[in-house]
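What follows is a short report on a single structure.
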């Protein structure tokens, strides 16, 4: 029994030792798997460290840089502070998004329509601002380029409102458009004909001036004396009586000159004024009546201007002006709104301005330089100047005080002096010499048609200009040819068809006048898709961006890139690295140039710090877990080894005892 019990125990120990060996083998296998897991975790961490991504650089207004993963959309999206890039395929076609391709196709070759699909609209405030200068009827005046004697710019009426000018410039509401017109054959023919006409008219006028000078100095005579002789007599006159004779000869000369004049109302007034000046210098006195229209008045009894003189019919400066200014004090009210004092006019003040022949301007006289008195008959007497320069005017209708008469007789008196006589005579001769174009009839053969080729050239050029404007010849008489440059005259003498034909040119003429006065319109692009003013500051930049794209699509064609690929980081990296696409960039002159993506400063490679942080955390956690398991396995193996050694010792002891029992038994029975 004892031996049987030992054998049973031995078998039990053997079984436990075999189980321990199996457990140890399993744990060793698990430790080997931990090593594999450790290698895998390390490899994942290393991959994260080595994984660099292509990034694209964006800039803001302050040139601060931000980065995003490189995609086609990121590379080509509009940013006013970025460089503009594009990708092209092996055929040279530019790759575009589905949206860009749709917009391009819908625009059908119209750049402005293409830009409009991105919310871009080109506009200007120029014509709105013109309304500040509008006349009462809304039309816009323009400067003639000349100034009156007060230095004020002389204005003319364009006849166009600001809205009409905008339509004429942009080519809307039935207008052809400024740029379209000046680029047209019609405008080229007109401007060429006008230039030739002006050139030949100037040459002809110069010839007329020469011939007229000779005519005034030779053929035409007053009391048997031409202008050269009269000029000599003026210089030689040494006393008043001699000078009276000279003025009488000059008056006769003016009478003869008037007989050869055009005979219009303006011409008659011109000669009447010359004769009046001679009479005043000759006698020291000159009388005017209401029929002479020498007095004008603007304003009312409180504030007004009374003008008198040879220029009162419309020239810039009369002989003198009396200006009345009366301050007005409005009514006063208490805190409850009750009137406590009526409004009233204060004490008026007066200013007198006289025309200075030397400076050719109106000059304000000091209070010591003039006297102004109101007469019992309701007229005004004005005396200004001193000594030989004194002028006295009596009988002026007193419009300033509301007592002016439509019938009046005015007497103007000046000192009878030799200097005054000579000054007046020389002024009359100077006026005759400088006013021949309006005074003398160019149709008179004696001095207008004997110039030879100059006149023939002028007539030929005028007929050509007439044909360009009216579309036919023979419409204008030779005497009317100078009016071909007068727009108002042209419109009055055109029929409806001719006016419609001339309208685009008229638009250009008036727009040129307006732009010469107020500057040229400045158009800017605004982005109607963005409501912020700060963004619209970049409207021009956005328009240029999409203009560059439009031009590139037109010049080399395009290929549509699907939206999925356009947003893929993997696709663009593969496409660039494999040479499937080529990178292009716009330069400062808006030309597209190719460049290597690897040399593009806006494309960089960066590691993903977030991915690295995650990988590091996962690595540390996994390694800690592996190390803990490894320590646990080591402890289990140690325990198994200890148990195994104990079992082995017990096994050896029992086996020794069994062996001795067997040996003893054999000895007994042997």
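Bear in mind these aren't lab numbers, they're just calculated from the coordinates by the rules spelled out. Everything quoted here is computed from the prediction, not taken from an experiment. All Cβ positions, even for glycine, are placed from backbone atoms using ideal geometry, and neighbour counts span all protein chains on display.
Observations on the model:
- Potential lengthening between residue 523 and residue 394 on full extension [0.36 nm per residue; Cα-Cα distance subtracted]: 40.5 nm
- Residue 638/residue 563 FRET efficiency (R0 51 Å; Cβ-Cβ; nearest 0.05): 0.20
- Stretching the chain fully between residue 61 and residue 183 yields a gain of 40.0 nm (0.36 nm per residue, less the alpha carbon separation).
- Here the label points at residue 69 and residue 433, each 7 Å from Cα along the C-beta direction, are separated by 9.2 nm in the simple model.
- Note on residue 252 and residue 232: with the Förster distance fixed at 22 Å, the Cβ-Cβ geometry gives a FRET efficiency of about 0.85.
- 15 Å reach of a label modelled at residue 91, 7 Å along Cα-to-Cβ, counting backbone N of segment 549-565: 553-562
- Under the simplified labelling scheme, the residue 459-residue 239 pair shows an inter-label distance of 5.5 nm, with each label point 7 Å from Cα along Cα→Cβ.
- Relative contact order of segment 286-402, pairs being alpha-carbon contacts under 8 Å that are 6 or more residues apart, as %: 19 percent
- Shape of segment 236-304, Cα gyration tensor, a/c cut at 1.5: oblate
- Sequence-separation-based contact order of the chain, relative, with Cα cut under 8 Å and 6+ spacing, percent: 25 percent
- Labels on offer are (i) 31.3; (ii) 67.1; (iii) 37.4, and the one holding mean projected area of the Cα convex hull in nm² computed from this structure is (ii).
- Extension gain from residue 155 to residue 554, taking 0.36 nm per residue of separation minus the Cα-Cα distance: 138.8 nm
- Sorted by Cβ neighbour density within 10 Å, fewest at the top, the residues 475, 178: 475, 178
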